[in-house]
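Below is one structure, written out as structure tokens; the observations come after it.
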Amino acid sequence: MTLTIEQELRELADRYATQLELKVKERVEDMNQDDKSHYLIYRVLKVTLEEGEMIDVYQNKGRFLYKYAGSFLEEAATLCFVHKFGEKAQKVKIPNTIGQRPKTFEIDCLVDEDAHEIKWRDATTDGDHITKEHTRIQVIKDAGFVPIRVMFYYPNRKQAIKIQQTLETLYEGVNGQYYYGDAAWDYIKKTTEVDLKGILQKIADENTQ
């Protein structure tokens, strides 16, 4: 029986949620054996032992959550393209024809000439990120593809926003496309005919009732 796209997304969400829960549980168990001598400094800074332990636990939980949230949404968006375009939608690597590092660049989802870079969010403040991204989109352009960035959540911090504004200019400079926030969700819906945000909203509401 062929699954609907909503069923596929639900299965994907369940798989990621289970993996996240297991990873967090493993890490918390490991942390119970950790050396906690650094709590001395927490106490010097007027953070209690209990607070220090909670901060350490949630810091580790946060790392896993961000990683899994990003991977899930990027894979979910790719599923929408596969649902619409079948085998025409694929992840590919192309050689770096401009520099030596990296040797290749990965296109998250290539559909005909449309080379999609799918991000759940990008909060980087590293200036080197701009240089690498500029090289990447130029290589994609030179290969005969249209660079398209689809980023669902825009960063909040000034420096990270500045980086994104620069990247948007770079995409425009090679006649690429740059979608973020509502425009990213709309692009997925218009291009794949899948209301990804609507389906995820339904799943989220069910999970948090």
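The values are calculated or read from the model by the stated rules, or taken from the named source; none is laboratory data. All values reported here derive from a predicted model rather than from experimental measurement. We place every Cβ from the backbone using ideal geometry, glycine too, and count neighbours over all the protein chains shown.
State yes or no: is Val150 in contact with a Cys (Cβ under 7 Å, 6 or more places away or on another chain) and in contact (Cβ under 8 Å) with a residue 40 or more places away in the chain?
no
Cβ contacts < 6 Å: first residue more than 21 Å from Tyr154 (Cβ to Cβ) and among the hydroxyl-bearing types (Ser, Thr, Tyr), restricted to the range 181-209; second residue at pLDDT 95 or above and assigned to a helix (DSSP H, G or I), any location; separation 6+ or different chain. Result?
Thr192/Cys80; Thr192/Phe81; Thr192/Lys84
Quick check: anything in the range 125-137 at pLDDT below 95 and either assigned to a loop (DSSP other than H, G, I, E, B) or within 22 Å of Glu6 (Cα to Cα) (or both)?
There is at least one residue in the range 125-137 that is at pLDDT below 95 and either assigned to a loop (DSSP other than H, G, I, E, B) or within 22 Å of Glu6 (Cα to Cα) (or both).
For residues in the range 1-54 being part of a loop (DSSP other than H, G, I, E, B) and acidic (Asp, Glu), which is modelled with the lowest pLDDT?
Here the residue is Asp34.
Under the condition of being surrounded by 17 or more Cβ atoms within 10 Å (Cβ to Cβ) and among the small types (Gly, Ala, Ser), which residue from the range 37-74 is nearest to Ala184 (Cα to Cα)?
Step by step, filter the range 37-74, then rank; the result is Gly70.
Out of Tyr178, Tyr154, which single residue is under 18 Å from the mean Cα position of the chain (by Cα), more than 25 Å from Glu6 (Cα to Cα), modelled with pLDDT of 95 or more and not small (Gly, Ala, Ser)?
Answer to the selection: Tyr178.
Which pairs have Cβ atoms under 7 Å, sit 6 or more apart or on different chains, and link a residue in the range 103-115 that is within 16 Å of Tyr187 (Cα to Cα) to one that is acidic (Asp, Glu)?
Going by the 7 Å Cβ cut-off, the qualifying pairs are Asp108/Glu74; Asp108/Glu117.
Which of the residues belonging to the range 84-120 are closer than 26 Å to Leu20 by Cβ and either of a type outside the set (A, V, I, L, M, F, W, C) or surrounded by fewer than 20 Cβ atoms within 10 Å (Cβ to Cβ) (or both)?
Those that are closer than 26 Å to Leu20 by Cβ and either of a type outside the set (A, V, I, L, M, F, W, C) or surrounded by fewer than 20 Cβ atoms within 10 Å (Cβ to Cβ) (or both): Lys91, Glu106, Asp108, His116, Glu117, Lys119, Trp120.
Hey, does the range 75-83 have a residue that's of a type in the set (Phe, Trp, Tyr), within 23 Å of Asp122 (Cβ to Cβ), touching a strand residue (DSSP E or B) at 6+ places or on another chain (Cβ under 6 Å) and surrounded by 11 or more Cβ atoms within 10 Å (Cβ to Cβ)?
yes
Of the conditions (1) touching a residue at least 40 places away in the same chain (Cβ under 8 Å); (2) in a loop (DSSP other than H, G, I, E, B); (3) not basic (Lys, Arg), His83 fails just one. Which one is it?
Going through the list (1) touching a residue at least 40 places away in the same chain (Cβ under 8 Å); (2) in a loop (DSSP other than H, G, I, E, B); (3) not basic (Lys, Arg), His83 breaks only (2).
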